[in-house]
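K.L.:
Here you go, one structure.
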Amino acid sequence: MALLAAALLLCAGLSVWYGGRAAWADASTLRARWLVQEWRTGAAPKPSTTQWSEIRDDLLTGLKIAPDNAQLLDDLAYLHAARAQGLGTPAPGTEQEALQVSLLDQALAGYRFATALRPTFPYTWAHFALAKHLRGEHDAEFWRAYDKALQFGRNEAGVQPTLGAIAFAQWSSIGAERQQIIKQMVSTAVEKSRKQLLEMAAQNGVSLPGV
């Protein structure tokens with residue numbers, strides 16, 4: 001009986017400790033997470049280099065407190081990927097290209113960890129696939145991430161643009177089955193999303209007859 005009571009007390013103590021750690025991480029990164037969300041949606045101007053570094057450091061501090069916080073990992077990965085995209089297409093062999101590769105690799109590391117913690121969350125899978133696409137790595141890991149995003153997020157308006165951007169850029173290589181899923185996604189999307197997806201398809205020279 002005493003052993004059972006001790007075990008229960010230990011479990012309760014661990015629950016309080018883990019819960020408190022998670023709450024502390026959430027509270028200390030509240031501003032950083034809010035700003036990342038504003039940048040994601042385009043509600044706030046793109047960050048300066050100084051602000052980017054400040055928010056990155058805040059998220060890293062939060063992850064020291066709660067290293068298994070999937071949202072913090074996702075937000076940090078997004079920061080790295082967004083900055084990499086902002087560099088455009090650097091000339092080969094330049095410092096800018098090396099920086100872009102480093103940023104994308106850091107983003108991919110974060111997305112790998114986050115998807116392991118939240119395996120059915122479509123937004124992370126979609127951004128994982130996008131980072132692989134930007135890195136030029138269309139390997140088995142890329143297709144797994146893309147298919148997971150497609151499986152869990154094809155009906156999510158916030159995921160559809162990323163799914164479309166990747167699909168239309170890789171239209172000839174995604175295969176007939178994925179093409180059909182994308183066509184269905186476009187045809188059933190809400191009007192605003194459907195219009196955006198059709199514009200993206202046209203920009204990539206992809207015809208979607210009957211959609």
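Here, each number is a calculation from the coordinates, and none is a lab measurement. Just so you know, these numbers come straight off a predicted model, no measurement behind them.
K.L.:
Pick from T61, T49, T29: which is most flexible by mean-square fluctuation in a GNM of the chain where alpha carbon atoms under 10 Å apart are linked?
P.N.:
Among T61, T49, T29, the largest mean-square fluctuation in the Gaussian network model of the chain belongs to T49.
K.L.:
Can you tell me the relative contact order of the stretch 102-160? Whole percent, Cα pairs under 8 Å, sequence separation 6 or more.
P.N.:
About 35 percent, as a whole number.
K.L.:
Using Cα-Cα distances under 8 Å and only pairs 6 or more residues apart, what relative contact order does the chain have, in percent?
P.N.:
That works out to 12 percent.
K.L.:
So what are the three principal axis dimensions of the stretch 72-167 from its Cα atoms, in whole Å, longest to shortest?
P.N.:
Largest first, the stretch 72-167 extends 39, 26, 24 Å along its Cα principal axes.
K.L.:
May I pose another question? Okay, helix-only estimate at 222 nm for the chain: each DSSP H run of n ≥ 4 adds -39500 (n - 2.57), divide by all residues, round to 500 deg cm²/dmol; what do you get?
P.N.:
It lands at -25500 deg cm²/dmol.
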